[in-house]
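Trainee: Below is a structure I'd like to ask you about.
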Ligand SMILES: [Mg+2]
């Protein structure tokens with residue numbers, strides 16, 4: 001680990017009206033670089049790991065990458081609509097609902113591709129989710145305590 005970061009030299013002493021620290025962005029950049037995995041920072045290491053995963057688990061790693069990144073993007077697009085509805089005063093109407101439906105369709109598309117990438121059926125994913133929730137809420141109703149105090153292994 002970068003000695004400067006570990007010793008706290010990443011920031012100058014507090015100064016100014018609010019006692020703000022001034023970040024040393026070079027030291028922070030070095031720190032971030034040092035704690036980044038080789039597979040994140042090196043193409044050959046990443047390709048080696050992708051091939052390792054394909055061999056071990058028969059994962060379709062190109063499909064896994066595009067679907068995982070795609071899921072995030074599409075969820076972000078959906079959430080952008082929700083943000084504008086709730087916080088920007090956007091009017092809810094048929095056009096907005098249609099947009100939401102289209103984004104949900106994009107999410108479903110990437111969800112299905114994610115299932116394909118890891119070699120599972122979508123029904124299996126949904127069945128496992130229903131089983132998990134039935135165990136968490138045996139009475140069949142949401143429970144705040146049970147939601148905040150999950151049993152070990154309940155993820
Ligand atoms: Mg979209």
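Trainee: On the given criteria, is residue 83 within 18 Å of residue 70 (Cβ to Cβ) and free of Cβ contacts under 8 Å to residues at least 40 places away in the same chain?
Mentor: It is false that residue 83 is within 18 Å of residue 70 (Cβ to Cβ) and free of Cβ contacts under 8 Å to residues at least 40 places away in the same chain.
Trainee: From 50, 85, grab the single residue that is within 14 Å of residue 118 (Cα to Cα) and part of a helix (DSSP H, G or I).
Mentor: Answer to the selection: 50.
Trainee: Continuing with the same structure: Inspect all residues belonging to the stretch 112-123 and state whether any of them is within 24 Å of residue 155 (Cα to Cα), in a helix (DSSP H, G or I), over 19 Å from the mean Cα position of the chain (by Cα) and without any contact (Cβ under 8 Å) to a residue 24 or more places away in the chain.
Mentor: yes
Trainee: As an exercise: evaluate residue 105 against (1) within 15 Å of the ligand (Cβ to nearest atom); (2) more than 24 Å from residue 60 (Cβ to Cβ); (3) exposed (fewer than 12 other Cβ atoms within 10 Å of the Cβ) and give the number of the one condition it does not meet.
Mentor: (2)
Trainee: If you don't mind, another one. On the basis of being loosely packed, with under 11 Cβ neighbours inside 10 Å, at negative phi and either within 16 Å of the ligand (Cβ to nearest atom) or modelled with pLDDT under 95 (or both), does residue 55 make the cut?
Mentor: Yes; evaluated as a whole, the condition is true for this residue.
Trainee: Mind telling me which of the residues 124, 91, 34, 74 ends up being at pLDDT 95 or above, within 16 Å of the ligand (Cβ to nearest atom) and either in contact with a helix residue (DSSP H, G or I) (Cβ under 9 Å, 6 or more places away or on another chain) or over 30 Å from residue 150 (Cβ atoms) (or both)?
Mentor: From the options 124, 91, 34, 74, the qualifying one is 74.
Trainee: Restricting to the stretch 58-69, count the residues that are without any contact (Cβ under 8 Å) to a residue 40 or more places away in the chain and over 11 Å from residue 113 (Cα atoms).
Mentor: The number of residues fulfilling the criteria is 1.
The values are calculated or read from the model by the stated rules, or taken from the named source; none is laboratory data. This one's a predicted model, so the numbers in the text were calculated from it and none came from an experiment. As a convention, Cβ positions derive from the backbone with ideal geometry for all residues, glycine included, and neighbour counts pool all protein chains shown.
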